[in-house]
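Take a look at the structure set out below.
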Amino acid sequence: MNIYIMVDAEGISGIYDSEQVMSSMARYNEGRELMVQDINACVEACKEAGVDKIYVRDCHGSGSNVIWSKLSSLADYYIIGYTGQDRFPGLDECDGVILLGYHSMAGTPGGILEHTMSSKSVQNYWINGKKAGEIAIDAGIVGDRGKPVIMVSGDDKACVEAKALLPGVVTAEVKKGITWKGGMLLPPQKAYALIKEKTKEAIAKLPGLKPLVYDKPIRLRVELTERSMLPLQYSKPYMKIIDGRTYEVEGSTMEEALFRLG
């Protein structure tokens, strides 16, 4: 059995402030260290549960956040940096996916650092007419390739979102959101122990979990935060403009729709 760990930042244990996840901010290195700790706990649990190969991808921002020299040697590959139009390189060799350090969708009340793709430019996303966030998007991408999401870690709001979307998914609630920039956090060792416990539980459940597959074609809609940010129509002839801040694309897969939208 092989496992793919997709790692975002905002839902990582100990992260509650945007200064911890933005490379231009003073506390960014603190956030990088915290990402490594959650990753190592998850990787160790995978090995203890008998996983053969472990693929870990840093998907936050540029994908170049983790401190390579501090990552566990138990993983087989760390996928770091720009990956082009393949959001999950190496996925085809894996059996299940863990979304580690994920966050709730834009607008979620009390969700720590809630957003969808970009807090600066994106107000909302919809998949086939239903409001959605990054958990739904990434679960749909791996679902199209026959892989189930088996575990999601993050705050309580992200965990609720995951459970509503993915029947049977295991969640690791490492913190409770109070505001978008503050919450009730588990102490470090308790958070890492929880991640390990839930990782093992998810791996045991993997054979009974099903991929999330949306009806095709995928209709992916985005509402922007600012006027005059719509792409030029000639640059995206497949784009449907809804209003001055909103447009929609279609794709034969979730991944195609996502990259068409961007």
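Looking only at residues of the stretch 81-99 that are of a type in the set (Val, Ile, Thr) and crowded, with 17+ Cβ neighbours inside 10 Å, we find that the one that is nearest to HIS60 (Cα to Cα) is ILE98. Filtering GLY50, GLY61 for residues that are at pLDDT below 95, assigned by TED's automatic domain parsing to the domain that holds ILE203 and either under 12 Å from the mean Cα position of the chain (by Cα) or surrounded by fewer than 17 Cβ atoms within 10 Å (Cβ to Cβ) (or both) leaves a single hit, GLY61.
Residues are listed down the side, and each one gets a yes or a no for (1) surrounded by fewer than 17 Cβ atoms within 10 Å (Cβ to Cβ); (2) of a type in the set (S, T, N, Q); (3) in contact with a helix residue (DSSP H, G or I) (Cβ under 8 Å, 6 or more places away or on another chain):
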site: LEU212; (1), (2), (3): no, no, yes
site: ARG227; (1), (2), (3): yes, no, no
site: PRO231; (1), (2), (3): yes, no, no
site: TYR234; (1), (2), (3): yes, no, no
site: ILE241; (1), (2), (3): yes, no, yes
site: ARG245; (1), (2), (3): no, no, no
site: PHE259; (1), (2), (3): yes, no, no
site: GLY262; (1), (2), (3): yes, no, no
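Within the stretch 103-114, if we keep just the residues that are buried (at least 22 other Cβ atoms within 10 Å of the Cβ) and either out of contact with any Ser or Thr (no Cβ under 7 Å at 6 or more places or on another chain) or free of Cβ contacts under 8 Å to residues at least 40 places away in the same chain (or both), the residue that is nearest to ALA9 (Cα to Cα) turns out to be HIS103. Here THR171 fulfils each of the conditions (1) surrounded by 24 or more Cβ atoms within 10 Å (Cβ to Cβ); (2) in a strand (DSSP E or B); (3) free of Cβ contacts under 8 Å to residues at least 60 places away in the same chain apart from (1). Taken over the stretch 132-152, the criterion of being out of contact with any helix residue (DSSP H, G or I) (no Cβ under 6 Å at 6 or more places or on another chain) and of a type in the set (Gly, Ala, Ser) is satisfied by ALA132, GLY133, ALA139, GLY143, GLY146. When VAL169, VAL152, VAL213 are screened for being closer than 23 Å to ARG57 by Cα and not assigned by TED's automatic domain parsing to the domain that holds TYR78, only VAL213 passes.
The values are calculated or read from the model by the stated rules, or taken from the named source; none is laboratory data. Only a predicted model underlies this, so the values are computations on that prediction, with no experimental measurement involved. Quick reminder, even Gly has a Cβ in these numbers, built from the backbone with ideal geometry, and neighbours come from all protein chains shown.
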